[in-house]
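This report refers to the structure that appears directly beneath it.
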Amino acid sequence: STTLRPPTAYRNPVFCLSDSDLSMRTLSTPSPALIFPPNSPGFQNGRGSSTSSSSVTGETVAMVHSPPPTRLTHPLIRLASKHQKEQANIDRLPDHSMVQIFSFLPTNQLCRCARVCRRWYNLAWDPRLWRTIRLTGETINVDRALKVLTRRLCQDTPNVCLMLETVIVSGCRRLTDRGLYTIAQCCPELRRLEVSGCYNISNEAVFDVVSLCPNLEHLDVSGCSKVTCISLTREASIKLSPLHGKQISIRYLDMTDCFVLEDEGLHTIAAHCTQLTHLYLRRCVRITDEGLRYLMIYCTSIKELSVSDCRFVSDFGMREIAKLESRLRYLSIAHCGRITDVGIRYIAKYCSKLRYLNARGCEGITDHGVEYLAKNCTKLKSLDIGKCPLVSDTGLEFLALNCFNLKRLSLKSCESITGQGLQIVAANCFDLQMLNVQDCDVSVDALRFVKRHCKRCIIEHTNPAFF
């Protein structure tokens, strides 16, 4: 009996990527694709040959594939493909619709689509689809994948990929400095780089990226424990010395879980990244008030700042942060146990346009601190004062009478909160959309009162009698 293969099961030659392969490539035939591990469902669907699967043992590598042929020679296969083509409504879509659909696919799936047929091959390599490279997964060989993709995208402009603006390789633990070197050397127009959770990269590779990609604005290195600061390379610093400190155009920087970051590193970051508007230093446990002082000297345009779980930050640090004045819109100081009403008073007095404050776990905050905040930051929309045992219904009354635009309020584990305080809030803050009262001593009647007055409010609670 003869087995009919679907049209996608072309017997194309598959070659492992090597330097010799790249040197022999032409502008029309090879197509890079990202192949899944041989035991995964994606590999089986891709009909990988036994020879190629035996050369790949438990890891994902970048491969080079020839584009699908335009004609099929076997009569039975031709018959089956014709029948399937009549049934495939997707082939009736115009090219611009197909490109729009492809734009929602991650990079590895887009490369797989390029192997379906000649038309899909041409559409998958539309330049508009390659402004972003998005790779995820712990097994993928990111270094090789980036090398293959950038060389393919550099065909029209040798050694330079002018179209690529965004690279997202979050969670790819096999990414190393070599992959970042490839990006730095080939992508001068890069504007956004996310490498969160890639703990194998070091300062040197990050320095190369920020030095060779002058338009980089968004950098996420959260979870990269080896990264201790952001700076230009020594060569770039010498070359650009007249404008030293103004060459890194980063505005968004996320260094969450960069545990090794210290005040000296933060000083270097502030001196080089003077245009910062968004800075996240969550769980950078070595940062102190001195580091925040350096930050406020150079970075005066910060709108969003997070120093959550930075246990050495105290009221003195809040005094430094207050120098941002009306520019500050978002502040997270969760679990900073050294912050009290004094620090909150600094923020409330000078940062009148604050919209978001997360002070969860700051047990030194009392009703007096909430009063300062409510009377001065009247445009507050989101407030988290969970696990602040000294905040009671009195503080909630100040919030209700001053912050009418409040949309999100978290009071989780606030032992002094009762149903009376919640009713005052619900009677004045009609736009409330989220209320967290888990582990609070609140009656069912109070919860029903909130639901009746704030109809769009989602209530998170631990009272089994309320549903």
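Working ranking of peptides 377-389, 444-456 by packing, defined as the average number of other Cβ atoms within 10 Å per residue, highest first, is 377-389, 444-456. Computed on region 177-316, with alpha-carbon pairs under 8 angstrom and 6+ residues apart, the relative contact order is 19 percent. The mean of 1/r over all pairs of different alpha-carbon atoms in region 122-280, once inverted, gives a Kirkwood hydrodynamic radius of 15.8 Å. Karplus-based coupling profile of region 186-201, in residue order and whole Hz: 9, 10, x, 8, 4, 10, 9, 9, 10, 10, 4, x, 9, 7, 8, 8, with θ = phi - 60° in 6.51 cos²θ - 1.76 cosθ + 1.60 and x standing for Gly or Pro. Of the trypsin sites (Lys or Arg not before Pro) in region 308-343, the ones in a loop by DSSP (not H, G, I, E or B) with at most 16 other beta carbons within 10 Å are Arg311. Scanning residues 5 or more positions from Gly223 or on other chains, those with amide H under 5 Å from its amide H are Gly197, Thr256, Asp257, Cys258, with H placed 1.01 Å from N in the peptide plane.
Between Ile297 and Met434, what is 0.36 nm times their sequence separation minus the Cα-Cα distance? Round to one decimal in nm. Working shown, then result.
On the way: separation 137, 0.36 × 137 = 49.32 nm, distance 3.66 nm.
Going from the current span to full extension adds 45.7 nm.
Region 159-197 and region 253-273 have Cα centres lying 20 Å from one another. Distances between placed amide hydrogens fall under 5 Å for Arg134 paired with Thr107, Ile168, all partners being 5 or more residues away or on another chain. Couplings for region 221-231, taken from phi via the Karplus curve 6.51 cos²θ - 1.76 cosθ + 1.60 with θ = phi - 60°, read 10, 4, x, 8, 5, 7, 7, 10, 6, 10, 7 Hz in order; Gly and Pro are left as x. Residues whose amide H falls under 5 Å from that of Arg355, counting only those 5 or more places apart or on a different chain, are Tyr330, with hydrogens built in the peptide plane.
Remark: accessible surface ordering of Glu165, Glu204, Glu264, Glu194 (largest first) is Glu264, Glu204, Glu165, Glu194, probe radius 1.4 Å. Once the Cα-Cα distance is subtracted from the 0.36 nm per residue extended length, the Leu105 to Thr268 segment shows a gain of 54.9 nm.
On full extension of the chain, what length is gained from Val342 through Arg327, given 0.36 nm per residue of separation minus the C-alpha to C-alpha distance?
Extending this stretch completely gives an extra 3.3 nm.
Given the pairs Lys379/Lys412; Lys387/Lys407; Lys226/Lys381; Lys226/Lys323; Lys381/Lys455; Lys412/Lys455, which span a C-alpha to C-alpha distance of over 26 angstrom in this model? Flagged as over cut-off: Lys226/Lys381; Lys226/Lys323.
The relative contact order of region 251-300, computed from alpha carbon pairs under 8 Å that lie at least 6 residues apart in sequence, is 51 percent. Assuming charge only on the beta carbon of Lys and Arg (+1) and of Asp and Glu (-1), the dipole of region 366-405 about its Cα centre is about 220 debye to the nearest 20. Backbone geometry of region 261-267 corresponds, through the Karplus equation with coefficients 6.51, -1.76 and 1.60 at θ = phi - 60°, to 3J(HN,Hα) couplings of 4, 10, 4, 5, x, 5, 4 Hz, x marking Gly and Pro.
Listed peptides 152-160, 219-227, 292-300 appear in the order 219-227, 292-300, 152-160 once ranked by packing, highest mean of other Cβ atoms within 10 Å at the front.
The values are calculated or read from the model by the stated rules, or taken from the named source; none is laboratory data. What you see is a predicted model, and the numbers here were worked out from it, not measured in a lab. FYI the Cβ positions are ideal-geometry reconstructions off the backbone, even for glycines, and counts take in every protein chain you see. For accessibility, only protein heavy atoms count, side chains too; no ligands or nucleic acids. Shrake-Rupley method; radii C 1.70, N 1.55, O 1.52, S 1.80 Å.
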